[in-house]
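The values are calculated or read from the model by the stated rules, or taken from the named source; none is laboratory data. Keep in mind the model is a prediction, meaning the values are calculated, not measured. Backbone-built Cβ (ideal geometry, glycine too); neighbour counts: all protein chains shown.
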Amino acid sequence: MSKALESLIYPKSKDEFFLSYESNSPFVVHELKDSISDLTKLPFLKSLEDLVHMWPQKVDVHLPKVSDEASAVQASTGDAIKMFENGMGLLFNDANLISPLLNQWLKDLKQDMGLSAMTYARNLIYATKAGKGTAAHFDQNMNFVIQIHGTKKWWIADNKNVENPMTRHTMGLPMDDELTGYAMAPMPTKMPDDATEITLKPGSMLFVPRGSWHSTEAVTDALSLNFTFSAPTWIDVFTAALRSRLSLSPEWRQTADFVSDQQRHPVAVEKFNMLLTELSFEAADWKAEDILSVTESTPQ
C-alpha cells in the first residue's frame, strides 16, 4: 500500500477516516505541510497566473447566473482570466493529464481507498474569486479537496432526498430522468439549516462524501486542487461482468429485431424470454468472486 491517503489525512488515522467515510460524513484536516509538499510545489500551482500561463487547453468558466459547472462555457486562458476578474469561477479539468505526479497520486489513492479498477479518477483545479462560490449541489463522485491558496468556506449537509445518487444535481435545476425515478421530491431550494460550515486555508484537506449537499464561498481569491473519484456502483460492476459473459453467446449477440413490429412482436418476446430463462438458471450459481474476477484484479 502507498502512503498517499495517510499523507492527506495526517495526523489522523486511516481508521478515523474510514469511520467517517462509511458514515458518509465529511472529513477535514488542517495545516498539512510536509506530507503534501510535492503537490504544493508543482510549478503550475504556484499561483493562478502560473497555472494560466502553463495551461495547454481551454478553461471551463462558470457563468454568474448559476455559478456552477451545470452552467458553464469554455474559454481561452486569456479570456478566462478576464472573466475571473469579473467574478466568474474557473475550472481546469483533468489536470493530471499535464502532471505525472498527479497521475501517480490518483493511482495510489485509488489503491489506498480500495476502489474498483473501473473507477474514473481525475484532478480538477478550481479558481474562485473573493466573495463568489459554487451553487448548492451534490455529486455522484467523491472528492478530496486540497486548499492551495486563499481561504474558502464550505457548507455540507446530509442529503435526505436521495441516498447514493448516480448523477450530479444542482439546486434549482431540473433533475434528469433517472434521478427523478428514485429521488424523493421536491428537492430543497436552499442549503439545509443543519449544514456544517468548514473553513479551508492553505494546507487544509476536506473529503466531500458522495451525494452530500454542498456549497462554497471564497473569503479571498482561492485556488484548490481536487482528487475526484467516480467509482462504479454494484449496478455498474454487475452489468459490466454480465455484458462480458453474455458477449460470449452468439444467441445474446443476435440483433434485437421485431421489438417494434406489431405483427412479429410475439416472436421477439418468445425469443427474449427463452434467453432470460436460460440466464436465470445459469445465474443461480454465480458468486460475487466470479463477478469481481471479471472487473477487478485479485487483491494482494
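Things to note:
- Pairs with Cβ under 7 Å, 6+ apart, first in the range 172-197 and among the aromatic types (Phe, Trp, Tyr), second part of a loop (DSSP other than H, G, I, E, B): TYR182/VAL162
- Identity of the residue in the range 152-171, in contact with an Asp or Glu (Cβ under 6 Å, 6 or more places away or on another chain) and touching a residue at least 60 places away in the same chain (Cβ under 8 Å), that ends up surrounded by the most Cβ atoms within 10 Å (Cβ to Cβ): THR170
- Selection within the range 261-300 - among the hydroxyl-bearing types (Ser, Thr, Tyr), closer than 28 Å to LEU115 by Cβ and without any contact (Cβ under 8 Å) to a residue 40 or more places away in the chain: SER293, THR298
- When LEU106, LEU124, LEU102 are checked against the criterion of being part of a strand (DSSP E or B), crowded, with 18+ Cβ neighbours inside 10 Å and in the same structural domain as ALA218 (by TED's automatic domain parsing), LEU124 stands alone in meeting it.
- Here the range 5-46 is the region considered, the condition is being of a type in the set (Gly, Ala, Ser) and farther than 22 Å from LYS201 by Cβ, and the residue that is farthest from the chain's Cα centre (by Cα) is SER13.
- Residues within the range 1-34 that are at pLDDT 95 or above, surrounded by 12 or more Cβ atoms within 10 Å (Cβ to Cβ) and either among the small types (Gly, Ala, Ser) or not in a loop (DSSP other than H, G, I, E, B) (or both), tallied: 17
- Any hit, the range 47-60, residues being surrounded by 14 or more Cβ atoms within 10 Å (Cβ to Cβ) and within 20 Å of the chain's Cα centre (by Cα): yes
- Flag for ASP176 being modelled with pLDDT of 95 or more, in the same structural domain as ALA218 (by TED's automatic domain parsing) and at negative phi: no
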